[in-house]
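Note sheet for the following structure.
The values are calculated or read from the model by the stated rules, or taken from the named source; none is laboratory data. Remember, it's a predicted structure, so these values are computed and weren't measured experimentally. Ideal geometry is used to build each Cβ from the backbone, glycine not excepted, and the neighbour counts take in all protein chains shown. We work out accessible area using only protein heavy atoms, side chains counted, and drop any ligands, DNA or RNA first. Shrake-Rupley method; radii C 1.70, N 1.55, O 1.52, S 1.80 Å.
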Amino acid sequence: MSQDINRPEISVVVPLFNEAESLPELHAWIKRVMDEHGFSYEIIFVNDGSTDDSWKVIEKLSRENSEVGGVCFRRNYGKSPALNTGFRNARGKVVITMDADLQDSPDEIPELYRMITEEGYDLVSGWKKKRYDPLSKTIPTKLFNATARKVSGIHNLHDFNCGLKAYRDEVVKHIEVYGDMHRYIPYLAKNAGFNRIGEKVVVHQARKYGKTKFGLDRFVNGYLDLATLWFTNKFGVKPMHFFGLLGSLMFILGFIAVIVVGATKLYNMWHGRPYILVTDSPYFFISLVTMILGTQLFLTGFIGELIVRNAPGRNHYEISKEINPKANVNDESK
């Protein structure tokens, strides 16, 4: 990464969709906070295919304020691609993300910046402890966050999906936010080796304009994304450890069951007891299906290993620090 001495101290990344009404007020609020604390900064608005006048407002703000920049998507891709694009364009030493609906307060920025620069956190996530949301949203949110804490192992976070977060610049340059993974950015950061993750209680503002863009389906999708993230992190480079083990266990259990079914028939025949054909026993077919499924799972793991072995990033590791050995050259002239 370029060591530009003219880099701003803070980059504020704001993903948005149809928030034309709130943008001027949000910009004025951010500008006031930055000027009061003497920060050098930039604001990157990422317009996620808005159908209102959001982009026109961003263009107007950019013409009138040199610190304002923007990216406009041709259509609506989602919050994760918007954040990922903002991260790629951010030049600040500390990156702040917030939503454009005025529910995140820019007054939190100075303390978030201090926690990153002075307390040494890699990432600080906001916690909207007191929310202005209906129970139909707060109860699923609590359940969702409890599950995310358990799976991710980040037990000190209460609100994974809070849009107000602060990052050390190195973090946003080493993670990729895709799909709907913006809900799990702390987990992505942890998987990338950034373990100093903190939390700050932040003010939750009531929505002033428009209406929420998210429905209850995000909770279902959130759990599916969490399962995907957990699986890829644990078995992404070693699929045989999952599919091979599970397949082997199923095949062995099915094989043992087939032997038991056959042995039971032979035992009854030997002692003159009534018996049925092996193929008349439902347990025989259950055992065969178990063996077939086990074989398929094992082959799935094997194919997965072949794919991983030929993947270009199979030996890509993030290195945080490195010390090169000093050559010990014998001076033969002495």
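Answer yes or no as to whether E21 is more than 19 Å from D99 (Cβ to Cβ), among the acidic types (D, E) and open to solvent by 30 Å² or more (accessible area, probe 1.4 Å).
no
Answer yes or no: is there a residue in region 289-311 that is surrounded by fewer than 10 Cβ atoms within 10 Å (Cβ to Cβ) and modelled with pLDDT under 75.
yes
Condition first: closer than 30 Å to S54 by Cβ, modelled with pLDDT under 90 and assigned to a helix (DSSP H, G or I). Can you find one or more residues in region 203-217 that meet it?
Looking through region 203-217, at least one residue is closer than 30 Å to S54 by Cβ, modelled with pLDDT under 90 and assigned to a helix (DSSP H, G or I).
Which residues, taken from region 190-208, are touching a strand residue (DSSP E or B) at 6+ places or on another chain (Cβ under 6 Å) and farther than 24 Å from P140 by Cβ?
Selection gives G198 alone.
Here is a list: Y167, Y184. Which entry is open to solvent by less than 50 Å² (accessible area, probe 1.4 Å), among the aromatic types (F, W, Y) and in contact with a Gly (Cβ under 9 Å, 6 or more places away or on another chain)?
Y184
Since G92 meets every condition but one in (1) surrounded by 19 or more Cβ atoms within 10 Å (Cβ to Cβ); (2) more than 22 Å from N6 (Cβ to Cβ), which condition does it not meet?
Only one criterion in (1) surrounded by 19 or more Cβ atoms within 10 Å (Cβ to Cβ); (2) more than 22 Å from N6 (Cβ to Cβ) is unmet by G92, namely (2).
Looking at G70, is it among the small types (G, A, S), in contact with a helix residue (DSSP H, G or I) (Cβ under 9 Å, 6 or more places away or on another chain), crowded, with 17+ Cβ neighbours inside 10 Å and closer than 19 Å to R114 by Cβ?
no
Considering only region 1-84, give the strands (runs of 3 or more DSSP E) lying wholly within it that have at least 2 residues that are of a type in the set (A, V, I, L, M, F, W, C) and closer than 25 Å to E111 by Cα.
By residue number, 10-16, 41-47.
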